[in-house]
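No value in this document is a laboratory result; all are computed from the given coordinates. Computed from a predicted model, the values in this text were never measured in an experiment. For neighbour counting, all protein chains shown are included, and Cβ atoms are generated from backbone atoms with ideal geometry for every residue, glycine included.
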């Protein structure tokens, strides 16, 4: 699993995305993929099983969110097996990541992977996002295929620092999601993504505090 095929595909995809990672960072990402594939055979952490699909749909898709990160403190809500949080933590060692999930199998895997890979800027908490206290305030509250946008804001908005923002990684966007945010929140940006190795429609939606424009 940790052979040349996924590494080569990963390096090519990183070049397309414009991300210049060191050899040790690429090594860590490949090893993370190997760990995920190994655990997945027993614990069914992801439906994606082919190595090349894992490179594009897990690693490169996760890393496509790098430009949307702001501030130093990031929380990945509903992180699952560490996606996108672990690849992002590897790519940005100067930032602090909290990986939040309520599934015990997935939090155990994330804890194992972080320890095995020596990722010192990420920690794992097993909790439901709505139950985790928001006293700390995060600069970026990130989710990947977690919930609808209104539900994301309702469940995770309390984690966002006053000047922070929520970032949702989505597939196809539905208009009712974009227009149905809770009061006090607004769409601050929408960005279509091109993830190497996949034709699936991908978007980043940035949500900030403030009223929606009346003509939206």
Test of understanding: what is the full-extension gain from residue 126 to residue 158, defined as 0.36 nm times their sequence separation minus their Cα-Cα distance?
9.8 nm
Listed residues 68, 161, 23; largest mean-square fluctuation, Gaussian network over the chain with Cα springs below 10 Å, found at 23
Round to the nearest 10 and give me the degree value, 0 to 90, for the angle of helix 4-17's Cα axis relative to the longest principal axis of the chain.
30 degrees
Residues 10, 173, 155, sorted so that the one with the fewest Cβ neighbours within 10 Å comes first:
173, 155, 10
In nm, to one decimal, how far is the modelled label at residue 16 from the one at residue 41, with both set 7 Å along Cα→Cβ?
2.9 nm
Need one number: % antiparallel among DSSP beta bridges in the chain, to the nearest 5.
40 percent
Would you compute, from DSSP H runs of 4+ residues alone, the mean residue ellipticity of the chain at 222 nm, taking -39500 (n - 2.57) per run and dividing by the full residue count, rounded to the nearest 500?
-10000 deg cm²/dmol
